Amino acid sequence: MTLATVLGQPRAVDALQAALRSGAVHHAYLFAGPEGVGKELAAVGLAQALTCPEQPDVGCGACASCQRVERGLHPDVTWVMPDDERVSRGLAGRSDFTGTPSRELRVEQVRQLQERIALRGLESRRKVALIVSAQTMNVQAQNAFLKTLEEPPSDTTIILVASAIDRLLPTIRSRCGKVHFGPLPVDMVAQRVAEARKLDAETAMLAAVMAGGSLGRAMALDVDALSRRKDTLTAFEALRGEDAVGLLRFAEAHGGSREEAESTLELLALWTRDVALVKSGLESGLANRDMVDLARQVAARTSDILLHRRHSLLDAARAAIARNGAPRLQLERMLIDLFTEASR
Ligand SMILES: [Zn+2]
């Protein structure tokens, strides 16, 4: 790969290539945008361009240097990420840490980075630091990092890759060159997902829409949950507040794992949006086009207030599971809140 092969982000890639051509590369960049849209690929591409001996300021993608950048093994390209990210990428094992691997970037990691970039580069003209999930830097880490931004080493480029830049101090944001990465085109995500996961076109398109233009999320969605979507939605709409056992069974059937519960909640959120579209007479925009009859029935019997409530409860359940809430329990709570309220 190279910067030029990053797909679906022409504005970001053009801006970086222009900076490379004119020798106006910043000391620090903030790559901002949703998860799974190519920010980290672009960061690797920029690191290659800055270190490649074959095609300086472009990056050939093929030489030993570029290959090592891509595999995370280049001595002048330092990667920093939270411990739990290292575990989920298979770069470390759980047993490498005492206690639970941290979800935050800690001040010790920032200090280690500072020591590292204070040293002369080993092979390349420039050193690069790539900070993954930069939004997870805690306050002490951010304050320590600010010092580096105030007095950056002259031969170093720091790239912060972040999905939620409002969690970074304004003083950090203002000292970085910002590069925005938007959601990817849904058609492109659908095509890539269909190829990579061997899905039929309809399921792949649904995955792309559910993932909101994030290839990373579309790749991670539970395909079984997607292929059972008709059964799931029909069962969901058959739930009634007075049938407590039915509610618990639904939660048990769809809350077996965090991934499964998240996929189910995304599916329900998209379905709720479909019902709202039908209510507004906008049926052509449905994601679940083959379920328009059920969407009409639900639209006819569901008030705007209740639909709004569905949205908030689905969001709350997703947030709770993201914070490590037990998936089945969160689904149960959401269903009980939703359906017992509805029957009142
Ligand atoms: Zn190269």
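Summary of values
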read-out: Alpha-carbon radius of gyration plus Dmax, which is the widest Cα pair, for the chain in Å; value: 23.1, 71
read-out: Helix 107-118 vs. the chain, principal-axis angle (Cα, 0 to 90°, nearest 10); value: 30 degrees
read-out: Where GluC sites (Glu not before Pro) fall in DSSP loop in the range 157-248, at most 13 other Cβ within 10 Å; value: 242
read-out: Relative contact order %, the chain, counting alpha carbon pairs below 8 Å whose residues are six or more apart; value: 16 percent
read-out: The chain, accessible surface, carbon-and-sulfur percent (1.4 angstrom probe); value: 51 percent
read-out: Inter-part distance where the range 228-247 and the range 289-322 are each reduced to a Cα centre, Å; value: 13 Å
read-out: Alpha-carbon spread of the range 203-344, three principal axes, descending order, Å; value: 37, 35, 23
read-out: GNM flexibility winner over the chain from 228, 217, 310 (Cα, springs under 10 Å); value: 228
read-out: Ellipsoid semi-axes in whole angstrom, largest first, where each is sqrt(5λ) of the Cα gyration tensor of the range 3-180; value: 24, 18, 17
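The values are calculated or read from the model by the stated rules, or taken from the named source; none is laboratory data. Keep in mind it's a predicted model, so treat the numbers as computed, not measured. Ideal geometry is used to build each Cβ from the backbone, glycine not excepted, and the neighbour counts take in all protein chains shown. With ligands, DNA and RNA removed, areas are computed over all heavy atoms of the protein, side chains included. Shrake-Rupley method; radii C 1.70, N 1.55, O 1.52, S 1.80 Å.
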